[in-house]
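Following: one structure in structure tokens, then a few remarks.
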Number of protein chains: 2
Amino acid sequence: MESNVRNVAVVGVGQTAFGKFLDRSLKGLGAEAIAGALDDAGARAADVQAVFAANAIAGLITGQEMVRGQVVLTATGIEGVPVVNVENACAGGATALHLSWMAVASGQVDVALAFGAEKMAHEDKRKPVLAIATAMDVEEPIDVDSPSPFMSHYASRIRRYMSDTGATATDFAMVATKAQRNGALNDLAQYGDASITPEDILRARSVADPLTVPMCSPIGDGAAAVLLVAQDALNRFPDAQPLYIRASVLVSGSDPDGGGAGAIERAARAAYDQAGVGPEDLDLVELHDANAASEVMRYESLGLAAAGDGPKLVRTGTTARDGELPVNPSGGLIARGHPVGATGCAQIYELATQLRGRAGARQVATPRVALAENGGGWVRGDVAADAVHILTT
Amino acid sequence: MESNVRNVAVVGVGQTAFGKFLDRSLKGLGAEAIAGALDDAGARAADVQAVFAANAIAGLITGQEMVRGQVVLTATGIEGVPVVNVENACAGGATALHLSWMAVASGQVDVALAFGAEKMAHEDKRKPVLAIATAMDVEEPIDVDSPSPFMSHYASRIRRYMSDTGATATDFAMVATKAQRNGALNDLAQYGDASITPEDILRARSVADPLTVPMCSPIGDGAAAVLLVAQDALNRFPDAQPLYIRASVLVSGSDPDGGGAGAIERAARAAYDQAGVGPEDLDLVELHDANAASEVMRYESLGLAAAGDGPKLVRTGTTARDGELPVNPSGGLIARGHPVGATGCAQIYELATQLRGRAGARQVATPRVALAENGGGWVRGDVAADAVHILTT
């Protein structure tokens, strides 16, 4: 069914620093990331023909609902073009990217912009936590007494994974340590600590056994943007260093065929099919480490490790920055940060920066094929939305 | 750029009754509309390959953000397929439809479902009014003392239109009367009054001069759904009575070329181009009458009347149900109701019902070409998002 699809390239990426910026607006953050992506591509605002904007909780945090993308664009010079505001919980950024890809691949437009922006930090610290809990079915009961309903929900699945595979809290602490050490090399990361140890991680305050605070993605603000162009229109941006999107897949949870494969696994399989590559071809991965355990579990869902072998990748250092298959060299959600709607585009920022060899101190060895996985929400016992993109030089 | 586009048909439409249903959930309303659309097409849940879901203010009214579509789908049997949650203020429904069309037209999928669902009614009546006000840039000052910030904002533009064209409050009262009389013939309409007169409308409580309460779209709950299929896959639904989408256009406000054309006018022009028809070819229109005056102004923006001639279409009865070009035979936003995210799909429900000759007492004479226009939000002095669709038998 995809015979009509055109090749699509990433020509520009932009990202703000991630962190807690009580004095910055959604508009200012979004506009900075967009300006960065345009500048990176050598593009002007007038080159953009369609915009897909992701945000998750501005309605609950800043009061801005419904036209969040258009409001951000007032600060960018981009106007008059179709704007679609998308939401898919923590996978909103990759959903916007997927639709931008679809708009270009299908020939609707030649140049599309995806961006995600999020303001989460709030003087009332409960507010973002409760807002994030709306990524589940709010008509179903949740543990509202938990300090983090989402993490508490994750924790029971994690304990089952530990008993099934022998994964230990120390494995998760090693993942969190990797995240902090990578984050320390990333100027845009919210956190980073080059000298932290797994023991420090294990000793930290507990969120929900086995997770401690530094094993979980933080509350933060930030924005990221990606400019896409049809391969046959690349001559409009002669100064850009293009990267190619080989796969763009979005799925939602629950397997219609009852085969038991979860959303992440199905998204990954479809993406490998679309790209004509397998996990063994990957040089670099940015995945959705909502917490350190979910990174290990995703090694298996994405086919990077066989079933039950997730912890081995940690113990052997395979996914370290200087390992065989670096995962989350940006610091991932845990250290780079996770301003919800921005994450999917921030992952592409990192892949593009690495594939171009411009990642400085955190550069991984000459990557050519890279994968990003961004998941969000929890409905019907599975991830509500999961998107996988594969990029190549 | 659209050489790759496949023809797309509407094969199923569904709509709930619109009204104030404090005891009904977003999930129940959405599921009813979706079941109606599947049933209408002779389709099963497993036939649906992608879903685009529109909702505007559930986050502020019910607390459900981020994965609203997935939550509604739990009550439908549709699972595992890509789900995108879209928002574009009052144009969310048509935005979901546009993306569904894009997914099918581009060959990404053969069968896509667009739906919009909205719960607005709340025990605290201020809540939906303030929620709707988030369709503007919340960082800009608004008249929070107004009983309806949005209508108050409209009112100043309306007064300028009146002084430019000679339109009178009586013209607007006649539009509202038409809406109520049409609504009286529509079982799914929130309001309808076969015996109301323009004098009744003028005597009603003022919202913001010249608008009175029955000239404005009400707060309400409801859902609508549209099932789309590629023309070359129509054989999957042998019992369906297909209608063809000749144009699907989405734009946002502000003219990039500085030519002064507003979003509605640009969307209409592009849709006429795409469909290869002009306003003179239309047999039927459902347009976004957020209030009675905006219907008259839209006659001009959509090219149904020359500049300044909007009021003539009212005075001559041209747009009455039995007139030359019936507009809003459903009762429109004013009488059928305007559960924000649902409206764009409800307009298509009406066009399809009329084009198939199944509208019963409100049937207009043998229509073949019909247009729907759905607008939303207000940013940078223009409609933030406007979508136009043209359907034919």
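FYI, it's all coordinate maths here, none of it is from the lab. Because the structure is a prediction, the values reported are computed rather than measured. Using ideal geometry, Cβ is built from the backbone for each residue, glycine included, and neighbour counts are taken over all protein chains shown.
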- Task: Note down the magnitude of the dipole of chain A about its Cα centre, charges +1 on Lys and Arg C-beta and -1 on Asp and Glu C-beta and zero elsewhere, to the nearest 20 debye.
- Result: 580 debye
- Message: Using a 10 angstrom Cβ neighbour count of at most 15 plus a DSSP loop assignment to flag exposed GluC sites (Glu not before Pro), which longest range of chain A is free of such sites?
- Response: A:140-323
- Note on the structure: The residues A:Arg236, B:Arg266, sorted from fewest to most surrounding Cβ atoms within 10 Å, come out as A:Arg236, B:Arg266
- Message: Springs between alpha-carbon pairs under 10 angstrom, Gaussian network model over chain A: which of A:Val175, A:Val109, A:Val229 fluctuates most?
- Response: A:Val109
- Query: Going toward the positive end of the dipole of the protein assembly as shown, with +1 on Lys and Arg Cβ and -1 on Asp and Glu Cβ, which of A:Leu250, B:Ala155, A:Gly12 do you reach last?
  - Reply: B:Ala155
- Message: Going 7 Å from Cα along the Cα-Cβ axis for the label, what nanometre distances separate B:Lys125 from the same residue across the other copies?
- Response: 4.1
- Message: Can you return the lysines within cross-link range of A:Lys312? Criterion is Cα-Cα under 23 Å, with same-chain partners fewer than 8 residues away left out.
- Response: A:Lys178
- extent check for the protein assembly as shown: Cα max minus min per principal axis, descending, whole Å, gives 81, 50, 48
- Query: How far, in degrees from 0 to 90, does helix A:149-165 lean away from the longest principal axis of the Cα atoms of chain A, to the nearest 10?
  - Reply: 60 degrees
- Message: Name the chain B residue nearest the rotation axis between B and A, going by Cβ position, and give the distance in whole Å.
- Response: B:Ser106, 1
- Task: Given the options A:Gln15, A:Gln241, A:Gln190, state which has the largest fluctuation in a GNM of chain A using a 10 Å cut-off (strictly under) for Cα springs.
- Result: A:Gln241
- Message: When a/c reaches 1.5 or more, the comparison of a/b and b/c decides; with that in mind, is the stretch B:275-384 rounded, prolate or oblate per its Cα gyration tensor?
- Response: oblate
- Item | Across the identical copies, how the A:Ala306 labels are spaced - nm, sorted shortest first, 7 Å along Cα→Cβ | 8.0
- Short version: ³J(HN,Hα) in whole Hz for each residue of the stretch A:192-202, in order, from phi by Karplus 6.51 cos²θ - 1.76 cosθ + 1.60 (θ = phi - 60°), x for Gly and Pro, what are they? x, 8, 5, 10, 5, 10, x, 4, 4, 4, 5
- Query: Shielding of A:382-392 by partners, i.e. mean partner chain Cβ atoms within 10 Å per residue?
  - Reply: 2
- Query: Once the Cα gyration tensor of the stretch A:158-285 is diagonalised, what are the square roots of 5 times its eigenvalues, in whole Å and ordered largest first, as equivalent ellipsoid semi-axes?
  - Reply: 33, 25, 13
- Query: Taking chain B as a Gaussian network, where each spring joins two C-alpha atoms under 10 Å apart, which residue of B:Gly377, B:Gly341, B:Gly323 fluctuates the most?
  - Reply: B:Gly323
- Whole-Hz ³J(HN,Hα) from phi, Karplus 6.51 cos²θ - 1.76 cosθ + 1.60, for the stretch A:33-41, glycine and proline x: 5, 5, 4, x, 5, 5, 4, 4, 8
- Taking amide H positions as placed 1.01 Å from N in the peptide plane, with prolines and chain starts having none, which residues 5 or more places from B:Glu286, or on another chain, fall under 5 Å of its amide H? B:Asn328, B:Leu371, B:Ala372, B:Glu373
- Message: Out of all DSSP beta bridges in chain A, what portion is antiparallel? Express it as a percent rounded to 5.
- Response: 70 percent
- Restricting to lysines and to Cα separations under 26 Å from A:Lys125, and discarding same-chain partners fewer than 8 apart, the set is A:Lys20, A:Lys27, B:Lys127
- Query: To the nearest 20 debye, what charge dipole does the protein assembly as shown have about its Cα centre, counting +1 at the Cβ of each Lys and Arg and -1 at the Cβ of each Asp and Glu?
  - Reply: 380 debye
- Over the whole of B:89-98, what's the average partner chain Cβ count within 10 Å per residue? Rounded to a whole number, please. 2
- Within 10 Å of each Cβ of A:74-80, how many other protein chain Cβ atoms are there on average? 5
- Dipole magnitude of the stretch A:324-393 about its Cα centre (Cβ charges: Lys, Arg +1; Asp, Glu -1), debye to nearest 20: 280 debye
- Using alpha-carbon pairs under 8 Å, 6+ residues apart, how would you state the relative contact order of chain B in percent? 26 percent
- Task: Tell me which residues come under 5 Å, amide H to amide H, from B:Arg6 once H is placed; ignore anything under 5 positions away on its chain.
- Result: B:Ser106, B:Gly107
- Item | Reference-scaled alpha-carbon Rg (2.2 N^0.38 Å with N residues) for the stretch B:340-386 | 1.46
- Volume per residue (Å³) of the convex hull spanned by the alpha carbons of chain B is 128 Å³
- Query: Can you work out ³J(HN,Hα) from phi for every residue in the stretch A:294-299, in order, using Karplus 6.51 cos²θ - 1.76 cosθ + 1.60 and θ = phi - 60°, giving whole Hz and x for Gly and Pro?
  - Reply: 5, 4, 5, 5, 6, 3
- Angle between the Cα long axis of helix B:92-105 and the longest principal axis of chain B, 0 to 90 degrees, nearest 10? 40 degrees
- Item | the stretch A:256-319: C-alpha gyration tensor shape, a/c 1.5 cut-off, then a/b vs b/c | oblate
- In whole Å, how far is the Cα centre of the stretch A:47-87 from that of the stretch A:185-258? 21 Å
- Message: Which residue, A:Thr95, A:Met120, A:Val83, has the largest displacement toward the positive end of the dipole of the stretch A:80-136 when charges sit on each Cβ (Lys, Arg +1; Asp, Glu -1)?
- Response: A:Met120
- Message: Under the convention of a label 7 Å out along Cα→Cβ, give the distances in nm from A:Glu324 to the same position in every other copy, shortest first.
- Response: 7.7
